[in-house]
Amino acid sequence: MEIRSPQTPQEWESYYDLRYRVLRQPWNQKKGSERDDQEDDAAHFAVFQGFVIIAVGRLDILDDSVGKVRYMAVEESFQGKNIGKALMEFILTRCETEQLHTIILHAREIAVPFYERLGFRIVEKSHLLFGEIQHYLMEKK
Ligand SMILES: CC(C)(COP(=O)(O)OP(=O)(O)OC[C@H]1O[C@@H](n2cnc3c(N)ncnc32)[C@H](O)[C@@H]1OP(=O)(O)O)[C@@H](O)C(=O)NCCC(=O)NCCS
């Protein structure tokens with residue numbers, strides 16, 4: 001298992017495809033809805049098993065001290081095997097290197113216990129995505 005940014009055009013395609021299939025397609029969202037206008041400024045992380053990407057996540061550096069984790073997704077058949085945890089720990093290590101002292105994220109309700117195990121706490125209830133997925137603003141110092 002290797003964690004790094006995608007590099008080749010094919011790797012970038014499968015990176016966004018995994019994000020789409022896990023986070024957008026189940027809610028009938030259009031292809032393209034998995035991307036935003038900050039992709040070029042963000043740090044991207046992909047978990048590779050051989051040549052295959054099985055998990056993805058993005059880190060946005062908001063200012064000198066605050067980072068925001070977005071678009072965490074593990075391939076369905078690999079969920080529950082500590083891959084998300086390994087990816088988040090890798091991203092948190094990068095945050096330490098960058099000397100970020102607060103990490104925030106908007107967690108889907110179903111993923112809140114996952115982030116709590118990694119040391120995040122709920123700050124407040126946030127938005128409802130696609131009219132049905134409750135999110136919670138969480139942070140870790
Ligand atoms: C949420 C997600 C990123 C977690 O990754 P994962 O690889 O499945 O989780 P892990 O196997 O690394 O779990 C790490 C720990 O969190 C726990 N955990 C993970 N998901 C959980 C859940 N939904 N409810 C309760 N506990 C959970 C695991 O039991 C494990 O606990 P342990 O350390 O005591 O063994 C992944 O399941 C996923 O992509 N889900 C669908 C998309 C999604 O909801 N993304 C998050 C958007 S905010």
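Every number here is computed from the coordinates shown, using simple stated rules; none is lab data. The model shown is predicted, which means the values in this text are computed figures rather than measured ones. Every residue, glycine among them, receives a Cβ derived from its backbone with ideal geometry; neighbour counts consider all protein chains shown.
Quick one: pull the percentage of alpha-carbon pairs in the chain with a separation above 22 Å.
Values: 3564 of 9870 pairs.
Cα-Cα pairs in the chain separated by more than 22 Å: 36 percent.
Would you mind ranking Leu59, Leu118 by Cβ crowding within 10 Å, fewest neighbours first? List each step's numbers first, then the result.
On the way: Leu59 21, Leu118 17.
So the ranking, lowest neighbour count to highest, is Leu118, Leu59.
Considering only DSSP beta bridges where both residues belong to the chain, give the percentage that are antiparallel (nearest 5).
Numbers: 28 of 32 bridges.
Of those bridges, close to 90 percent are antiparallel.
Taking the dipole about the Cα centre of the chain, with the C-beta of Lys and Arg at +1 and of Asp and Glu at -1, give me whichever of Ala42, Tyr16, Leu137 is farthest to the positive side.
Comparing the listed Cα positions along the dipole, Leu137 ranks first.
Give a residue-ordered list of calculated ³J(HN,Hα) values for segment 99-115 (Karplus: 6.51 cos²θ - 1.76 cosθ + 1.60, θ = phi - 60°; whole Hz; x for Gly, Pro).
Listing the rounded values in order: 6, 7, 9, 9, 10, 10, 6, 9, 9, 5, 3, 5, 9, 4, x, 4, 6 Hz.
Name the trypsin sites (Lys or Arg not before Pro) in segment 1-74 that are in a loop by DSSP and that have at most 15 other C-beta atoms within 10 Å, would you? Before the final figure, lay out the partial values.
Working: sites: Arg4, Arg19, Arg21, Arg24, Lys30, Lys31, Arg35, Arg58, Lys68, Arg70; in loops: Arg24, Lys30, Lys31, Arg35.
In loop regions of segment 1-74 (DSSP not H, G, I, E or B), the sparsely surrounded trypsin sites (Lys or Arg not before Pro) are Lys30, Lys31, Arg35.
Restricting to DSSP loop positions (anything but H, G, I, E, B) with no more than 14 other Cβ atoms inside 10 Å of their own Cβ, which GluC sites (Glu not before Pro) remain in segment 46-141? Please list the in-between numbers first.
Numbers: sites: Glu75, Glu76, Glu89, Glu96, Glu98, Glu109, Glu116, Glu124, Glu132, Glu139; in loops: Glu75, Glu98, Glu132.
Those satisfying the criteria are Glu98, Glu132.
Kindly provide the Kirkwood hydrodynamic radius of segment 64-141 in Å, to one decimal, from all pairs of distinct alpha carbon atoms.
Values: mean 1/r = 0.0765 Å⁻¹.
Averaging 1/r across every pair of different Cα atoms and inverting gives 13.1 Å.
For segment 6-12, in order, what is each residue's ³J(HN,Hα) by Karplus, 6.51 cos²θ - 1.76 cosθ + 1.60 with θ = phi - 60°, in whole Hz (x at glycine and Pro)?
x, 10, 7, x, 5, 5, 5
Leaving out same-chain residues fewer than 8 places away, which lysines sit with a Cα under 25 Å from that of Lys31?
Lys68
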